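Beneath this line is the structure, given in C-alpha cells, with notes to follow.
The values are calculated or read from the model by the stated rules, or taken from the named source; none is laboratory data. Since the structure is predicted, the reported quantities are computational estimates derived from the model, not experimental observations. Because the Cβ atoms are built from the backbone with ideal geometry, glycine has one as well, and the counts that use them run over all protein chains shown. Ligands, DNA and RNA are stripped out before the accessible areas are found, and what is left, the full protein with its side chains, is counted by its heavy atoms. Shrake-Rupley method; radii C 1.70, N 1.55, O 1.52, S 1.80 Å.
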Amino acid sequence: MNKVLTYEEAVEIFQEIREHTDRSDSDIAGIYDDFYKRAAVYANIRASWDMLSRQEKMDTDSRRTSAHDAFIVSVNIVARLQGSDGAKWRAKLGDERKRIGDFACFVALFLGLEAR
C-alpha cells in the first residue's frame, strides 16, 4: 500500500463513511461529530507546523501527537460502528500514521468546502 494518501482515495473513503453514517441516534451522531472535530483539530496543527519556530514545534509536538492519536482512535471507533462497511474503508486507509494524518487533513478540507 502506498504511504501517501491520494485525493482520490480520500474522497472514496470519505464518501463511504458518509454513505454509512447513521445520525438518527443522538449518541451515534455524537461519535461522528467527535470524528470530524478531531480531524479538524489535528489538521489545524499540521497545517501550521511549517510556520512554527523550532521552539514552538518543541512546545507543540506532544499536543500534535495527542491530537493525531485521538483522531486515529476516532477513526477506529467509526469503522467499528459501521461494521463490515467500516472494515472495508478502514482497510483501504491502512495503519500508516502518515496516511491517517493525511486523511484527517482531507476530512477537514471536505468539511470546510461543505460549509460554504
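For this structure, a couple of remarks:
- Set Ala108, Ala67: member being at pLDDT 95 or above, in a helix (DSSP H, G or I), closer than 25 Å to Glu8 by Cβ and open to solvent by less than 60 Å² (accessible area, probe 1.4 Å): Ala108
- Filter result for the condition that a residue is open to solvent by less than 60 Å² (accessible area, probe 1.4 Å) and assigned to a loop (DSSP other than H, G, I, E, B), over Thr21, Thr60: Thr21
- Filter result for Ser74 (in a loop (DSSP other than H, G, I, E, B) and of a type outside the set (Asp, Glu)): no
- Remark: pairs (first residue in the range 65-78, over 15 Å from Trp89 (Cα atoms) and free of Cβ contacts under 8 Å to residues at least 60 places away in the same chain; second residue of a type in the set (D, E, K, R) and in a helix (DSSP H, G or I); Cβ separation under 6 Å; 6+ apart in sequence or on different chains) = Ala70/Arg38; Phe71/Arg38.
- Filter result for Ile72 (surrounded by 17 or more Cβ atoms within 10 Å (Cβ to Cβ) and either of a type in the set (Val, Ile, Thr) or in contact with a Leu (Cβ under 6 Å, 6 or more places away or on another chain) (or both)): yes
- Of the residues making up the range 24-56, those that are open to solvent by less than 70 Å² (accessible area, probe 1.4 Å), in a helix (DSSP H, G or I) and of a type outside the set (A, V, I, L, M) are Gly30, Tyr32, Asp33, Asp34, Phe35, Tyr36, Tyr42, Ser48, Trp49.
- Taking the criterion of being open to solvent by 40 Å² or more (accessible area, probe 1.4 Å) and either closer than 17 Å to Ala115 by Cβ or of a type in the set (Phe, Trp, Tyr) (or both), the residues of the range 1-18 that qualify are Tyr7, Arg18.
- Residue count for the range 81-97, restricted to those that are closer than 17 Å to Tyr7 by Cα, touching a His at 6+ places or on another chain (Cβ under 8 Å) and open to solvent by less than 40 Å² (accessible area, probe 1.4 Å): 0
- Residue in the range 62-84 that is acidic (Asp, Glu) and over 11 Å from the mean Cα position of the chain (by Cα) present: no
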